[in-house]
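Values quoted throughout were computed directly from the atomic coordinates according to the rules given, and no laboratory measurement underlies them. Computed from a predicted model, the values in this text were never measured in an experiment. Ideal geometry is used to build each Cβ from the backbone, glycine not excepted, and the neighbour counts take in all protein chains shown.
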Amino acid sequence: MPILRYALYRFGTMLLTLWVVSILVFAIINLPPGDYLSNQIAELRASGQSAGVAKAEFLRSEYALDKPLWQQYFIWVGFLPGPHGFSGLMQGNFGWSFEFDSPVAEIVGDSLWLTVLVNLAAVIFVYVVALPLGVLAAARARSWVDYTSAFVGYLGLATPNFLLALILFYYGHRWFDLPIGGLMDPSLEGLPMSWEKVKSILIHLIVPTFVIGTSGASAMMQRLRANMLDELGKPYVETAVAKGMSPSRMLAKYPLRVAFNPFVADIGNLLPAMISGSVLVSVVLGLQTIGPTLLTALKTQDMFLSGFVLMFVALLTLIGTMISDVLLVLLDPRIRYEGRKA
Amino acid sequence: MVPLLSVRNLTIGFGKDDPVVRDVNFDVAEGETLALVGESGSGKTVSCRAVLRVLPKVAQIRSGSITLRNGTGTTDLVTLPERAMRDLRGNQISMIFQEPMRSLSPLHRIGNQVAEVLWLHGRKSEASAKKEVLACFDRVGFPDPERTYSSYPFELSGGMRQRAMIAMAMVAKPKLLIADEPTTALDVTTQAQVLGLMKELQRDTGMAMILVTHDLGVVANMAEQVVVMHKGRVMESGAAEPLLSTPAHAYTRALMKAAPQIPANVAPKPIEPTTDLILEMNAVSKTYSMRAGKGWKAPSLIYACCGIDLHLPRGKTLAIVGESGSGKTTAARIALGAEPPDQGGQVLFRPTKGADPIEVHQMDRTARTAFQREAQMVFQDPYSSLSPRMRIFDTMVEPLEIHRIGSRAEQRDKAAEMLQMVGLGRDMLQRYPHAFSGGQRQRLSIARALMLDPSLLVCDEPTSALDVSVQEQILRLLERIRDQKQLSYLFISHDLAVVARIADEVAVMRRGLVVEQASPETLFHNPQHPYTKALIAAQPEPDIHRPIDLKLVAQGAGSPENWPEHFRFAGYDAPPLVPLEPGHKVRCHV
């Protein structure tokens, strides 16, 4: 099973990349001078609250912030034992949030999978919208179908997301009685999963998916259209017509199949763009995703929290590229059989 | 008898422009081959595509009729509804295209693409379709049909892909096959074999064929009826034999005259030995290593050139002839210093008579710049070797600017002078390349190469992208310039007939080895090596009484292990190049 072997190999390189990313993330969150606690200590000293200072000093040694930077890194990841033995990311301990005064895992909690959910919904939206529209625009190139879809697409690209969000909220609420803001009914928050809750989440998802996905979908649609148009001029399309294929069947079997490759390769690019792009939207829409948390954490230099969120986003991105790479190998025999003797 | 297909008064135009095909008439009888002959822009391809109605979107059939006999009745293909037309395509009339490399989808298995014809026309279950396709693969000469069935196009060579295309066109047993330049993109020996196969298949199945080609040699070998087209009109039509032996129309005569031929009877001519060599290649080899598919396996080595010794006397033309993959272009690139030879190889260049030789691959920066002024190149494809965004003037003057030669006015004069030398006017300097035809572009490209007054010109297939009549003009131009400016040419070509007229000495290469070397006269009079014989035999001659000898082609173009004992070898264990008589060397066992 060469494909399985490739997938394993690709997984290995992903882990390696993740490790490099962890170094970068750690370096970046430590770039600003000082850390959360040293800032706090300075503030407390200035206001003469020595009791607080003692607590902060205790936390500093508790979380090894008094150690050299490289040791801090290894303790954070879990390669080296900290004050309480091995307890880093690899051991499943995500650290302590100073700003919220509770474990990181508890703070991110629900918002982790809500982030995945929102972005997954947006990616699916992008593909479901872009695929038929892109193919249609190419097949009916330079007709009203093409021009209309291009016009709507550019509108989607050009409208700022938060503006689109506000407009949709207003009209969605007025005409379809859609809820405004949030990812579920406030009364359901913190309750265990139930049919009611799933339904509420799904209804709340409609507007965010649309807002986050629109620009991606119109960009993707234009790319697919351009790729399809390139392929439609190729001689093998003519061969297919000369065989007696009907246009729709020919379109689906030959040019779409070739134009599909860049389409799939885009999964990897789409995820990071959406996650970072959706931070602002999440703040505006009041979504309980990881975006607003990241924003707060970065502002207050809450290093363990922001480090964890950055790592999480990187992980999603890497998984996205891995999926698209493996899919490409499955789709394209030229990649699959590279080097095989004819 | 009613012909199978009858085209009457066919007129086709693009958009609102004047028609590109006017009033064309021809008939195809059952079991017969009709050749549509003409140069690019003659409308031959558009006419044949109109039969299947696979024209570009902007093209319309403005008038005329295309009638296909169908049992006892007839069908007009111009007015037939699209759906009914679809049933006809691939089923009753099928088509083979020019570029086998690009005419198959790269992402689908060959078997799938061929069997699809049978599925589409609803005649077969999947299993019986496969059986039929395998039989068809066997018929068109695939050694292992099962393997071919599950192969992808990129795993096959050009000739094999064209066989797959033929299988695709033949599998539904059509009544009419349209072949649009089916062998133009193939090597000459492969072309001979593919043409032979098409003829054989036609004999077996009794189908009719429309063969579109620019090559009168192909016509003479294949066709019973000929239609000669020029600028959208039929110039002359009729049975092949009288038309080719006594062409009535002036245009046909011009085409015949322009077609390069291998001279039938020539006296052998020895090569005069000379000591004034401008270029010397000694023991030049080039090995490329190809990454193996699996990481732990050693990369496989590809021998592009093996121990090449070539000497080019000043003022002469040395031609390297071979098929794609023979290493001829690699040899030329090494001669120009564009690529280093393997350890032990040496290229020497003498700018003037008696000068100290320069070692091309050991030069410092200044010596290299000086060498570049002396050695220039003319490329194969005149469409892509001129920048479309630069005026002719800028393209022409660029070499002078790089070498900082002359003032602006002097540069301009030089450019005008060179344009006149290649037969173009000074007023063309301000135009862009798109305003020129293929032949004119190749002239420009020659003029650019001459801007630095080089003494050596490397011509890499300078005429193979051109129509025959234009090819003839370019060759004449190259000859004139060589004699006028005392140039030496290293001439790369796959076409023996082209080489026959311009070269003083020919080296025939195959798979990195020079297999035979002599003056062209000697080579055509007394070819020794089976591969040379195959090349000569495979050349289609516009003479209906000199058909291609397929047996000679098959033997010489095959594997070296099947050559006659005298020449046979296996792997890379080749015999040495032995002088047979003065100036005639053959690679054989002594």
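In region B:393-495, which trypsin sites (Lys or Arg not before Pro) fall in coil by DSSP and have 10 or fewer other Cβ atoms within 10 Å?
Counting only loop positions with at most 10 other Cβ atoms within 10 Å, the trypsin sites (Lys or Arg not before Pro) in region B:393-495 are B:Arg404.
Taking R0 as 30 Å, what FRET efficiency do you get between A:Val145 and B:Asn112 from their Cβ-Cβ distance, rounded to the nearest 0.05?
Once the sixth-power term is evaluated, E becomes 0.45.
In chain A, if every C-alpha pair distance is counted and binned at 10 Å from zero, what percent goes to each bin?
5, 19, 24, 23, 17, 8, 3, 1, 0
Can you tell me the length gained on complete extension of the stretch B:Ala355 to B:Ala264, counting 0.36 nm per residue apart and subtracting the Cα distance?
28.7 nm
Compute, for the protein assembly as shown, the length of the dipole vector about the Cα centre, with Cβ point charges of +1 (Lys, Arg) and -1 (Asp, Glu) only. Units Debye, rounded to 20.
My answer is approximately 1300 debye.
Considering the options B:Val515, B:Gln376, B:Ile536, tell which one lies farthest towards the positive end of the dipole of region B:278-587, charges being +1 on Lys and Arg and -1 on Asp and Glu at the Cβ, about the Cα centre.
It is B:Gln376.
Taking GluC sites (Glu not before Pro) as exposed when DSSP calls them loop (any state but H, G, I, E, B) and at most 13 other Cβ atoms lie within 10 Å, what is the longest stretch of chain A free of them, the sites themselves excluded?
A:1-188
Straight-line reach from A:Lys55: which lysines fall under 29 Å, measuring Cα to Cα and dropping same-chain residues less than 8 apart?
A:Lys67, A:Lys299
If R₀ is 45 angstrom, what is the calculated FRET efficiency for the pair A:Arg45 and A:Arg174, using the beta carbon separation as r and rounding to 0.05?
0.25
Which percent, to the nearest 5, of DSSP beta bridges fully inside the protein assembly as shown are antiparallel?
The antiparallel proportion sits near 60 percent.
Going down the list B:Lys328/B:Lys585; B:Lys286/B:Lys585; B:Lys231/B:Lys328; B:Lys16/B:Lys44; A:Lys243/B:Lys44, which pairs span over 26 Å between their C-alpha atoms?
Where the Cα-Cα span goes over 26 Å, the pairs concerned are B:Lys231/B:Lys328.
Set Lys and Arg Cβ to +1 and Asp and Glu Cβ to -1, take the dipole of the protein assembly as shown about its Cα centre, and tell me which of B:Pro263, B:Val347, A:Phe162 lies farthest positive.
Result: B:Pro263, furthest along the dipole toward the positive end.
Is there a pair in B:Lys131/B:Lys175; B:Lys257/B:Lys551; B:Lys414/B:Lys485 whose C-alpha atoms are over 18 Å apart, and which pairs would that be?
Beyond 18 Å: B:Lys131/B:Lys175; B:Lys257/B:Lys551.
Roughly how many Å is it from the Cα centre of region B:529-547 to that of region A:103-120, as a whole number?
Cα centres, region B:529-547 to region A:103-120: 76 Å.
Assign unit charges at the C-beta atoms only (+1 for Lys and Arg, -1 for Asp and Glu), then state the dipole size of region B:503-590 relative to its Cα centre in Debye, rounded to the nearest 20.
The calculation lands at about 260 debye.
For region B:102-173, build the charge dipole from Cβ charges (+1 Lys, Arg; -1 Asp, Glu) around the Cα centre, then report which of B:Ser105, B:Gly122, B:Pro145 sits farthest towards its positive end.
B:Gly122
Hey, got the average number of other protein chain Cβ atoms within 10 angstrom for residues in B:77-86?
The per-residue average across the peptide is 1.
When the label point is put 7 Å from the Cα of B:Ser245 along its Cα-to-beta-carbon vector, which residues of region B:531-559 have a backbone N closer than 18 Å?
B:541-548
Can you give the FRET efficiency for B:Ala29 and B:Leu55, using 1/(1 + (r/R0)^6), R0 = 30 Å, r = Cβ-Cβ distance, to the nearest 0.05?
The value I calculate is 0.75.
Considering only DSSP beta bridges where both residues belong to region B:434-587, give the percentage that are antiparallel (nearest 5).
70
Compute, for region A:25-93, the length of the dipole vector about the Cα centre, with Cβ point charges of +1 (Lys, Arg) and -1 (Asp, Glu) only. Units Debye, rounded to 20.
Dipole of region A:25-93, to the nearest 20 debye: 20 debye.
What is the distance in Å between the Cα centroid of region A:1-66 and that of region A:270-342?
For region A:1-66 versus region A:270-342, the Cα centre distance is 20 Å.
Please compute the modelled spin-label separation between B:Glu200 and A:Phe74, points set 7 Å along Cα→Cβ, answer in nm with one decimal.
7.3
As a check on your grasp of the helix formula, calculate [θ] at 222 nm for the protein assembly as shown: sum -39500 (n - 2.57) over DSSP H runs of n ≥ 4, divide by the residue count, round to the nearest 500.
Helices in the protein assembly as shown give a 222 nm mean residue ellipticity of -16000 deg cm²/dmol.
Compute the semi-axes of the equivalent ellipsoid of the protein assembly as shown, taking the square root of 5 times each eigenvalue of the Cα gyration tensor, and list them largest first in whole Å.
Semi-axes (√(5λ), whole Å): 64, 39, 28.
Cα convex hull of region A:185-342: how many Å³ per residue?
Cα-based convex hull of region A:185-342, divided per residue, equals 191 Å³.
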